[in-house]
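*Asks:* Attaching a single structure in structure tokens format; questions to follow.
The values are calculated or read from the model by the stated rules, or taken from the named source; none is laboratory data. Small disclaimer: the values here were computed from a predicted structure and weren't measured. Cβ: placed from backbone, ideal geometry, glycine included. Neighbour counts: every protein chain shown. Heavy atoms of the whole protein, side chains included, go into the accessibility calculation; ligands, DNA and RNA do not. Shrake-Rupley method; radii C 1.70, N 1.55, O 1.52, S 1.80 Å.
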Amino acid sequence: MKTLLQSLLAVAIVATTAFGANAKTSKKAKYVDPDEAEATGAGFIAETKTPVVEKQYVITDFGVVNDSTVIQTAKIQAVIDRAEAEGGGTIVVPEGTYLTGGLFFKPGTKLHINRGGVIKGSDDIANYPLIPSRMEGRNIYYYAAVINAYFVDNFSITGEGTIDGAAYKMWVAFWDRREQARRENRVCTNLEVSRPRLVFLWGCDHVNISGTKFCNSAFWTMHLYECTDVNITNCSYHAPTKPVKAPSSDAIDIDVCRDVTIKGCYFNVNDDSVCLKGGKGVYSNRSYESGAVENILVEDCTFGPNNHGVLTLGSECVHASGITVRNCRLETNTALLRLKMRPDTYQIYENVTVENITGTCGTIIDMKPWKQFFDLEGSSEQPFGIVRNITIKNVDVACRSLGTIAGNPDDKVENVKLENINIKAEADTFEIAYPAPAVTLTSVTINGKTAAW
């Protein structure tokens, strides 16, 4: 059923954005009705892959010019469309700055940005079409990102160049709207000021993202939805706090994905660094568009001072399992592990290991209720969270405090372990609302003294 929905969605996107006569959907597996399969002997039919000869398409060979002031979306998109029509290839961005709106990569195409090359995102939302998308745990129509790939297997973004959202004007508009809402005594949502993400990948398997700088996004920097087998290596993610804060500039949002490795990256954004998502709301745990985040590895990364979280589960996450963060350096003032517990969403956070961490941070763990945009949608249900099999060990940092482990009243906590943790803290106080054996501290020292509660 899901493959069919993906194919239908891909067709809708083609129609909505006029990708071109040669655009086509991704074909992963053909579904055969079980009754028909019994009669015919058919089942899931494996995809037959045609070998693709790698070819490079340097955009300046096709009329694109080095000019940061002239919008060139149509010309760059024409190069992508041509590469797909000719059997696939790598779109190469040479040295220079190239201003664009939303670009849509097709099956068989990839992106390479040479050192000194910059894809600069337009700061005019009119250059980003409104299309089927995914935002804040819901499938909705939203504005395209600067770089988009829907059902493009083997997609890659490589090279030592930069994708720059150049979003100062949109940041200012966002904070102006927040101030207006404050004066009107109302809540301002994150979607009131239309802002594009920097990268959005939907339904892409076998993805490689390597060596590139991602900066100044208007909204989330890189959003992966329903992707499998993703490798992100040696990239950097930047968003400022001055002179204007870059709102909601999450570095990597992993949304209903599995088998994602993030290695050797640098994070310094004005929101969460690695954030696990998957859906929100009373009914999200049984919705086709929501799902689990599984088998995520973050290692050998460095986290800078702007971040709001190193590893964050939520605020839109129904199930995260098999998560490892290890061998990382912190230079930040935020939580090492942040668990956002939504009282309007059934959540399971399990099998999480954080180990071998050094540097400076705000707290070791921050598990608290998260009630932003709380909505029971008229239901009488009382959702709760399950937190189990969480281990934080081998941590040696300077920080404000150990932190907090205290969810909503109905949340269930089991087998949370803090082991071999040595912190130099501003305060030796901490809050743990669950007694042993739900939460245990083993060889945890704060300012040279054994922590106990």
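*Asks:* Checking the structure you have, find out if any residue of region 142-163 is among the aromatic types (Phe, Trp, Tyr), over 15 Å from residue 199 (Cα atoms) and open to solvent by 30 Å² or more (accessible area, probe 1.4 Å).
*Replies:* To start, the set of residues in region 142-163 that are among the aromatic types (Phe, Trp, Tyr) comprises 142-143, 150-151, 155.
After this cut, where a residue has to be over 15 Å from residue 199 (Cα atoms) as well, the list is none.
The answer is no, given that none of the residues of region 142-163 is among the aromatic types (Phe, Trp, Tyr), over 15 Å from residue 199 (Cα atoms) and open to solvent by 30 Å² or more (accessible area, probe 1.4 Å).
*Asks:* Select from region 274-289 the residues that are buried (at least 17 other Cβ atoms within 10 Å of the Cβ), farther than 19 Å from residue 258 by Cβ and either β-branched (Val, Ile, Thr) or out of contact with any strand residue (DSSP E or B) (no Cβ under 8 Å at 6 or more places or on another chain) (or both) and list them in ascending order.
*Replies:* Passing the criteria: only 282.
*Asks:* Here is a check on your reading of the model: is residue 295 surrounded by fewer than 24 Cβ atoms within 10 Å (Cβ to Cβ), over 19 Å from the mean Cα position of the chain (by Cα) and either of a type in the set (Lys, Arg) or part of a strand (DSSP E or B) (or both)? Break it down into steps so the answer makes sense when it comes.
*Replies:* Values: surrounded by fewer than 24 Cβ atoms within 10 Å (Cβ to Cβ): yes; over 19 Å from the mean Cα position of the chain (by Cα): no; either of a type in the set (Lys, Arg) or part of a strand (DSSP E or B) (or both): yes.
Spelling it out, it is not the case that residue 295 is surrounded by fewer than 24 Cβ atoms within 10 Å (Cβ to Cβ), over 19 Å from the mean Cα position of the chain (by Cα) and either of a type in the set (Lys, Arg) or part of a strand (DSSP E or B) (or both).
*Asks:* Please go through region 147-167 and pick out each residue that is under 29 Å from residue 280 (Cα atoms), of a type in the set (A, V, I, L, M) and without any contact (Cβ under 8 Å) to a residue 60 or more places away in the chain.
*Replies:* Result: 147, 149.
*Asks:* A follow-up question, please. Among the residues of region 239-260, is any open to solvent by 10 Å² or more (accessible area, probe 1.4 Å), farther than 20 Å from residue 350 by Cα, without any contact (Cβ under 8 Å) to a residue 24 or more places away in the chain and part of a loop (DSSP other than H, G, I, E, B)? Let's see the steps before the verdict.
*Replies:* Let us first name the residues in region 239-260 that are open to solvent by 10 Å² or more (accessible area, probe 1.4 Å), namely 240-245, 248, 256, 258-259.
The next check asks that each one be farther than 20 Å from residue 350 by Cα; those that pass are 240-245, 248.
From the residues that got through so far, the ones that are without any contact (Cβ under 8 Å) to a residue 24 or more places away in the chain too are 242-243.
Narrowing further to those that are part of a loop (DSSP other than H, G, I, E, B): 242-243.
Within region 239-260, one or more residues are open to solvent by 10 Å² or more (accessible area, probe 1.4 Å), farther than 20 Å from residue 350 by Cα, without any contact (Cβ under 8 Å) to a residue 24 or more places away in the chain and part of a loop (DSSP other than H, G, I, E, B).
*Asks:* Another question about this same structure. What about residue 311, is it under 24 Å from residue 451 (Cα atoms), in contact (Cβ under 8 Å) with a residue 60 or more places away in the chain, within 23 Å of the chain's Cα centre (by Cα) and open to solvent by less than 10 Å² (accessible area, probe 1.4 Å)?
*Replies:* On the way: under 24 Å from residue 451 (Cα atoms): yes; in contact (Cβ under 8 Å) with a residue 60 or more places away in the chain: no; within 23 Å of the chain's Cα centre (by Cα): yes; open to solvent by less than 10 Å² (accessible area, probe 1.4 Å): yes.
Here the answer is no, as residue 311 does not meet what is asked.
*Asks:* May I ask you to list the residues in region 261-271 that are open to solvent by 10 Å² or more (accessible area, probe 1.4 Å), closer than 15 Å to residue 208 by Cβ and not in a loop (DSSP other than H, G, I, E, B)?
*Replies:* 261, 263
*Asks:* So which strands (runs of 3 or more DSSP E) stay within region 313-375 end to end and still have 1 or more residues that are among the β-branched types (Val, Ile, Thr)? Step through it out loud before you land on a result.
*Replies:* On the way: elements: 319-331, 335-341, 347-360, 363-369.
Passing ranges, in order: 319-331, 347-360, 363-369.
*Asks:* Any residue in region 101-121 that's at positive phi: show its pairings with residues that are of a type outside the set (Asp, Glu) and buried (at least 24 other Cβ atoms within 10 Å of the Cβ) at Cβ separation under 7 Å, as long as the two are six or more apart or on different chains.
*Replies:* These pairs meet every condition: 116/161.
*Asks:* Select from region 171-226 the residues that are over 28 Å from residue 256 (Cα atoms) and either open to solvent by less than 10 Å² (accessible area, probe 1.4 Å) or of a type in the set (Gly, Ala, Ser) (or both) and write down the one among them that is modelled with the highest pLDDT.
*Replies:* By that ranking, first place goes to 173.
*Asks:* What pairs come out if I take residues in region 420-438 that are over 17 Å from residue 386 (Cβ atoms) and pair them with residues that are at pLDDT 95 or above and in a loop (DSSP other than H, G, I, E, B) whose C-beta lies under 7 Å away, six or more apart or interchain?
*Replies:* Pairs that qualify, where the first residue is over 17 Å from residue 386 (Cβ atoms) and the partner is at pLDDT 95 or above and in a loop (DSSP other than H, G, I, E, B), are 424/447; 425/400; 425/447; 426/400; 427/400; 428/447; 431/406.
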